Amino acid sequence: MANEQRNELIDTHCHLASDRYADMTEVREQSEVLGLSHCISQGTHPGDWDATLALAREMPDFISACLAVHPSDCTETDEAQWERMKSLCRAHPLAAIGEAGLDYYWDAPAGWTEDAYRARQRDFLERHFELARELQLNISLHTRDKSGSGSACFEDAFAIARQFPTVRPVFHCFIGSRQQAERIFSELNGMVSFTGLITFKKTEDVQAVAAWCPAERIMVETDSPYLSPEPHRGKLNIPGRVRYVAEKLAALRGVSFEQICRTTSCNAHRFFHL
Ligand SMILES: [Zn+2]
Ligand SMILES: [Zn+2]
């Protein structure tokens, strides 16, 4: 990729293997019109790993792949599937391990107690960090609590991440506090990335954090096909709409759109070894 390209814009977290996309060439064209240069697509369960790798192989200039088991899929993933994922990770070029993490928002699935479900998630997250350490990759991290003000999930993920000082985490779709962001930066050498949530009404708290964060710690993402930003809230999201996230971030920080593009794409290059 041309590092010096002006207004380079990178969507650092999306799910392009989603069956909600019928035609990736069309998604690419629509995204490039909006200024998108590259995206990092996250495989999250045994059913989309191969498709995620295939997309990166077909469009290497546009898509880089990450593989992991999403915490919501950890009870559906058996040891054979986990071993298969490790083999895929060792055999293919990846931008990072992801998305992995902890999700305490949803209740435990049938047959699991809440404690057992969370313990399973923590076990899987540790395994992902071990794999990232082995492959010298960073990790795209998902954390979500029961309520917006809860912090059990963050604290548990933070404690695991601390055990792996050579692996840098990006807390994707960050909606945490400034204090949490400070700990991510100072104790984990980590990053945060912002989604279309910062374009929504009533997200002033995270907007204030986004305005404050040191420039070298921030990235932007869509989490497509989810979380379409304003003015397309509620619609099928595409990576190109990271433009609206970047525009909002520029406004919040009082800098130009071009400056936010340079800052966030430079950070993405470094973090994902693009
Ligand atoms: Zn996520
Ligand atoms: Zn995601």
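Couple of notes before you dig in:
- Base-10 log of normalised Debye intensity for region 12-161 (one unit scatterer per alpha-carbon) at q = 0.11, 0.15 Å⁻¹: -0.44, -0.79
- For trypsin sites (Lys or Arg not before Pro), the sites in region 1-92 that DSSP calls loop and that have at most 14 other Cβ atoms within 10 Å are 6, 20.
- Looking at region 161-204, the trypsin sites (Lys or Arg not before Pro) that sit in a DSSP loop and have at most 13 other Cβ atoms within 10 Å of their own Cβ are 201, 202.
- Long pairs among 146/201; 86/235; 86/202, criterion Cα-Cα beyond 31 Å: 86/235; 86/202
- Principal axes of the chain: Cα extent on each, largest first, Å: 48, 41, 35
- The accessible area of residue 146, taken with all protein chains in place and a 1.4 Å probe, comes to roughly 100 Å².
- Cα-based equivalent ellipsoid of region 196-274: semi-axis lengths in Å, sorted from largest, via gyration tensor: 19, 16, 10
- Global form of region 91-149, assessed from the alpha-carbon gyration tensor, a/c cut-off 1.5: prolate
- Remark: the chain carries 43 Å² of accessible area per residue (probe radius 1.4 Å; ligands, DNA and RNA excluded).
- Placing a label point 7 Å from the Cα of residue 274 along the Cα-to-Cβ direction, the residues of region 50-77 with a backbone N closer than 16 Å are 56-57, 59-66.
- Surface composition of the chain: carbon and sulfur make up 48 percent of the accessible area, probe 1.4 Å.
- Region 209-250: radius of gyration and largest Cα-Cα distance (Dmax), Å: 10.9, 31
The values are calculated or read from the model by the stated rules, or taken from the named source; none is laboratory data. No experiment lies behind these values; they were computed from the predicted model shown. Note: ideal-geometry Cβ built from the backbone for every residue, glycine included; neighbour counts use all protein chains shown. Only protein heavy atoms, including side chains, enter the accessible area calculation; ligands, DNA and RNA are left aside. Shrake-Rupley method; radii C 1.70, N 1.55, O 1.52, S 1.80 Å.
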